[in-house]
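Notes follow once the structure below has been shown.
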Amino acid sequence: MKKYSVTFMLTLVLCASALTCALMIGAYYLFQSRPTAVAPDPVSEYRALIQLIEELYIGEFDTEEINHAAMRAAVESLGDPWSYYMTPDEYADYLDRSKNRYAGIGVGVAYDEVTTGVLILYVYKGSAADIAGLAANDIIIGVDGEDIYGLGIDGLRALLERELGATADIAVLRPDGSTKIFTVEYNYVFVDPVSFSMLDDNIGYVSLVNFDEGAADRFISAVNELIEQGALAFVFDVRSNNGGRVSEMTRILDFLLPEGEIFISVDRSMQEDIIYSDMEMIDMPAVVLVNSQSYSAAEYFAATLREYGYAEVIGEQTTGKNRMQITLSMPGGGALHISSSQYLTRNRVSLFDTGGLMPDWPVLLSDEEYALFISGNLSYNDDPQVLKALEVIGDKLNMKTLAAK
């Protein structure tokens, strides 16, 4: 075994120490020479991006469209399906819709795969389309002499968009195979959110297509009128209702229900804000109809009626939403529609967590029945969900009669 002198060992230690120091000093200066990463200012970054586009991009571009796309993308990055940015034009349309009016000719449409035209599902009563003579099941095939085959709904919308009061010549293929051209005015279409009638055995039927402006007044008026006509029970129909304003929904719930909690919202700090109903109520048997397109306020309305034991739910599982949005106007004329709180039912249930509201009585419509329902051509005698509602209501009335004896 080799032996090393003390002097040799000390020399090795000193050399190792010197090498270590040299590496540390080198690393220090190496890292000191690199720029320190600084969090960028988003506004400055965006301005720099636009400037580079303006200086270098070889193609044509619209700065306003870029700005709208950037804001839309920013909100979409939140991953919230109920939050979105609206351009000024989209915001104007949104405000019109929330007042139960919109600019158009007055039809609901769907793409027709057989003809590649656009099928009219329904025509709003009193609209320009209704006055001109367009009808459900007509297929739009042309606008102002231009074929729309294959253009789809967006293509049709682009061709029809024009100044209020202007007209369009719309060519349609009718169910009997004939073609006809109608001159239709592009104007405001006003939507009545409520329709009602008296069904067999004095059962009142009230349909709510949304909870937008005026819905509560119309609903209350409809119920009172049916009571005056002798209604003994009610079917409330919120199928394919896309929701609307909390204030309209809670007015209706307050009108129907006894004293208690009717709306619970929870903000980002988990603080509850509760809306209460008063003691006055409509004490009559009721059921509520829902389907897979019953959305937001519609499914909350049905869930609340059920949790109070006021109405059983018939139809299909609803969409499942639990966030409430506020709409804020932006300096450029657009608007931010953003989720600012969540809502829970009276029993503190999130309809999103449950995947929607499950009906007490599941009843499905066939594709043919659903198409007729959407077009407004499914009579209640042929509607399985309404027929089930009448059956359930009949049982409730019989039990009430027996209890009174």
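Counted by Cβ distance under 15 Å from Arg97, the other residues give a net charge of -4, where Lys and Arg count +1 and Asp and Glu count -1.
At an R0 of 35 angstrom, the distance between the Cβ atoms of Glu90 and Glu55 translates into a FRET efficiency of 0.70. Treat each spin label as a single point 7 Å out from the Cα along the C-beta direction, and report the Leu387 to Ala110 distance in nm. Here the answer is 2.1 nm between the modelled labels.
Which percent, nearest 5, of DSSP beta bridges in the chain are antiparallel?
On the way: 49 of 66 bridges.
Bridges in the chain are about 75 percent antiparallel.
Put in order of Cβ neighbour count within 10 Å, fewest first, the listed residues Leu257, Leu164 become Leu164, Leu257. Bridgeable aspartates and glutamates around Lys180 (alpha carbons under 17 Å apart, same-chain partners fewer than 8 residues away excluded): Asp130, Asp138, Asp144, Glu146, Asp147, Asp169. Within region 41-87, the GluC sites (Glu not before Pro) that combine a DSSP coil assignment with at most 12 other C-beta atoms in a 10 angstrom radius are Glu60. Between Asp176 and Glu368, the simple spin-label model (points 7 angstrom out along Cα→Cβ) gives 2.3 nm.
Paramagnetic label reach from Ser197 (point 7 Å along Cα→Cβ; backbone nitrogen cut-off under 18 Å): within region 95-128, residues 122-126. As a proxy for reagent exposure, ranking Met324, Met330 by other Cβ atoms within 10 Å from fewest up yields Met330, Met324. One chain, two ends: Leu328 and Glu307. Fully extended at 0.36 nm per residue, the span grows by 4.3 nm beyond their Cα-Cα distance. For region 88-105, backbone nitrogen atoms closer than 11 Å to the point 7 Å from Tyr188 Cα along Cα-to-C-beta are found at 96-97, 99-103.
One chain, two ends: Asn67 and Glu45. Fully extended at 0.36 nm per residue, the span grows by 6.6 nm beyond their Cα-Cα distance. On the beta carbon distance between Asp395 and Leu164, with R0 = 41 Å, the FRET formula returns roughly 0.20.
Quick one: length gained pulling Gln271 to Asp144 fully straight, 0.36 nm per residue minus the C-alpha distance?
Here the segment from Gln271 to Asp144 would lengthen by 40.1 nm.
I'm spelling it out carefully: the read-out is Kirkwood radius over Cα pairs in Å, the candidates are (1) 25.9; (2) 21.5; (3) 23.3, and one was derived from this structure. Which label? Answer label, from the structure shown: (1).
Modelled spin-label separation between Met279 and Thr354, with each label point placed 7 Å from Cα along the Cα-to-Cβ direction: 3.0 nm.
No lab work stands behind these numbers, since they all come straight from the coordinates. Quick caveat: nothing in here was measured; it's all calculated off a predicted structure. All Cβ positions, glycine included, derive from the backbone under ideal geometry; neighbour counts span all protein chains shown.
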